[in-house]
Amino acid sequence: MYYLIYKPYLMLSQFSNEGDKLTLADLAFDFPSDVYPVGRLDADSEGLLLLTSDKQLNHRLLNPKFRHNRTYYVQVDGALTTEACQQLSDGVTISVDGKKYATLPGNAQPLAEPNLPDRNPPIRYRATIPTSWLAISLHEGKNRQVRKMTAAVGFPTLRLVRWAIEGLTAEGMQPGDVRELSRAEVMRGLRL
């Protein structure tokens with residue numbers, strides 16, 4: 001079984017309860033008990049999450065030796081520069097588990113403000129400080145990697161939306177939406 005969801009802001013990427021925080025169990029959908037998320041999105045991130053009961057696919061997508069492309073739309077604090085996008089594309093040094101880590105090269109491009117669902121609560125607005133958007137595609141997924149990367153080049157992340165996993169996208173989805181897919185659709189979308 002395969003499901004794409006648009007994980008809402010402030011929802012945990014898990015089914016088990018953790019205090020009064022929202023979890024995937026709070027979605028208006030009755031998932032089978034053997035379905036789990038492939039990877040995670042932090043509570044303060046939103047967007048595309050794949051859930052499946054396919055253990056082989058789960059292993060393939062979580063094992064670093066099988067790289068796959070994930071694209072994020074990122075709103076950052078400040079007027080993004082070409083130099084910052086180049087640094088993000090080349091890879092930057094961040095901290096992972098208290099150690100310096102050089103991120104793999106990716107692709108970061110300035111982006112016109114994307115047509116995304118409104119976020120609740122909305123991003124704070126400050127008239128004196130501009131914001132910018134970029135699309136960043138990565139082949140790895142360290143803890144809070146995108147946020148650490150944008151901060152490393154001087155542009156802290158304000159909003160982070162996973163838009164795509166390979167060819168599977170959040171196009172047409174709203175926070176909380178669940179889309180059931182066939183195995184063929186998932187394999188084609190993941191280019192496997």
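The numbers here are math on the coordinates, done by the rules we state, and not lab data. The structure displayed is predicted, hence computed values, not measured ones. Cβ placement follows ideal geometry from the backbone for every residue including glycine, while neighbour counts extend to all protein chains displayed.
Miscellaneous remarks
- Ignoring the sites themselves, the chain has its longest run without chymotrypsin sites (Phe, Trp or Tyr not before Pro) in a DSSP loop having at most 11 other Cβ atoms within 10 Å at 126-192.
- Positive-end residue, segment 1-102 charge dipole about Cα centroid, Cβ charges, pick of Gln56, Ser45, Val35: Gln56
- Kirkwood-Stokes translational diffusion coefficient of segment 69-165, alpha-carbon pairs, 4 °C, 1.567 mPa s, µm²/s: 95
- A Gaussian network model of the chain, with springs between Cα atoms under 10 Å, assigns the largest mean-square fluctuation among Asp77, Asp30, Asp177 to Asp30.
- Where trypsin sites (Lys or Arg not before Pro) fall in DSSP loop in segment 50-145, at most 14 other Cβ within 10 Å: Lys65, Arg67, Arg124, Arg126
- Stokes-Einstein D (µm²/s) once Rh is taken as the Kirkwood radius of segment 1-101 over alpha-carbon pairs, at 4 °C in 1.567 mPa s: 81
- 10 Å beta-carbon shell around Gly39, net charge (K/R +1, D/E -1): +3
- Partners for Lys21 among lysines (Cα-Cα distance below 19 Å; same-chain residues under 8 apart left out): Lys7
- Taking the charge dipole of the chain about its Cα centre, with +1 at Lys and Arg Cβ atoms and -1 at Asp and Glu Cβ atoms, the residue from Leu134, Thr150, Gly19 reaching farthest to the positive side is Thr150.
- Note on the chain: helix-only mean residue ellipticity at 222 nm, from DSSP H runs of 4+ residues weighted -39500 (n - 2.57) and normalised by residue number, equals -4500 deg cm²/dmol.
- Scaling the Cα radius of gyration of segment 150-192 by the globular reference 2.2 N^0.38 Å produces a ratio of 1.57.
- Evaluated at q = 0.16, 0.22, 0.25 Å⁻¹: base-10 log I(q)/I(0), Debye formula over Cα of segment 45-122: -0.92, -1.24, -1.26
- For the chain, a simple Cβ point-charge model (Lys and Arg +1, Asp and Glu -1, everything else neutral) yields a dipole of about 620 debye relative to the Cα centre.
- Distance between modelled label sites at Ser16 and Glu171, nm, 7 Å Cα→Cβ extension: 3.7
- Ranking Gln86, Pro117, Gly98 by how far each Cα lies toward the positive end of the dipole of segment 70-123 (charges on Cβ) leaves Gly98 at the top.
- Sparsely packed GluC sites (Glu not before Pro) within segment 1-106, loop by DSSP, other Cβ within 10 Å at most 11: Glu18
- Under 23 Å from Lys100, Cα to Cα: lysines that are on another chain or at least 8 residues apart: Lys65, Lys142, Lys148
- Calculated over the chain, the projected area of the Cα convex hull averaged across directions stands at 11.4 nm².
- Volume of the convex hull of segment 15-59 (Cα atoms only), normalised per residue: 89 Å³.
- Charge tally in the Cβ shell below 14 Å around Leu4, where Lys, Arg are +1 and Asp, Glu are -1, Leu4 excluded: -1
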